[in-house]
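Below: one structure, written as structure tokens.
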Amino acid sequence: MSRIGRMPIAIPAGVTVEVAENNKVTVKGPKGTLERVLPAEMEIKVEGAELTVARPNDLKKMKSLHGLTRTLINNMVVGVTSGYEKKLEVNGVGYRAAKAGKKLTLSLGYSHPVEMMDPEGIETVLEGTNVIIVKGIDKEKVGQFAAEIRDKRRPEPYKGKGIKYSDETIRRKVGKTGKK
């Protein structure tokens, strides 16, 4: 049995979960509303303050969808209650970030500044000039936008310059040595 799939999801106070036809799940909470169409084969039941996911049979595909469906619903519930955030650090001489309205401007050693607009439902906050926090209620969108920001200048292994996640460690390399 899927250990994750079997676990019930506790629905906190102030959160409503509705399951429509074709397994369209709508989660409403204090931070907003999320909708997602989940695999139609899964049985999603709301009983009081708990939600359970059951699978029809033990085929390999159903087993893999079981845990996935439960995790996706759980991520939606966590998103509308507490939200998600990713922290990025900008390292390097002259590398900095600036914010004007919904526009994030990154100076990353290119001949031009890199400008990025906040997507819908995502907010970027700056701490100083070198820490970017990406916030939102949709875990997938937060992770995707954080990855897009990081891709503008990935950290390099010699000096560690670039944009990295705050919990990421960069494997450092030793540079060239001169002749003796």
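The values are calculated or read from the model by the stated rules, or taken from the named source; none is laboratory data. Note that this is a predicted model, so its numbers are computed, not measured. Counting neighbours? That spans all protein chains shown, and the Cβs are built from the backbone with ideal geometry, glycine included. These area figures cover heavy atoms from the full protein model, side chains too; ligands, DNA and RNA do not enter into them. Shrake-Rupley method; radii C 1.70, N 1.55, O 1.52, S 1.80 Å.
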Looking at segment 112-122 only, could you name the residues that are on the phi < 0 side of the Ramachandran plot and not in a strand (DSSP E or B)? HIS112, PRO113, ASP118, PRO119, GLU120
If I filter segment 21-40 down to residues being part of a loop (DSSP other than H, G, I, E, B) and modelled with pLDDT of 90 or more, which single residue comes out as surrounded by the fewest Cβ atoms within 10 Å (Cβ to Cβ)? PRO30
Regarding ARG70, is this residue within 17 Å of LYS24 (Cβ to Cβ), among the charged types (D, E, K, R) and open to solvent by less than 40 Å² (accessible area, probe 1.4 Å)? yes
Residue count for segment 41-67, restricted to those that are outside any strand (DSSP E or B) and surrounded by fewer than 16 Cβ atoms within 10 Å (Cβ to Cβ): 11
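Residue by residue through segment 73-93, note down the ones that are touching a Gly at 6+ places or on another chain (Cβ under 7 Å) and either closer than 30 Å to ASN23 by Cβ or open to solvent by 40 Å² or more (accessible area, probe 1.4 Å) (or both).
VAL80, THR81, GLY83, TYR84, LYS86, ASN91
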Within segment 123-180, considering residues that are acidic (Asp, Glu) and part of a strand (DSSP E or B), the one surrounded by the most Cβ atoms within 10 Å (Cβ to Cβ): GLU123
Tally of residues being loosely packed, with under 13 Cβ neighbours inside 10 Å and closer than 12 Å to LYS152 by Cα across segment 113-122: 2
Would you be able to tell me the number of residues in segment 95-111 that are open to solvent by 40 Å² or more (accessible area, probe 1.4 Å) and part of a loop (DSSP other than H, G, I, E, B)? 5
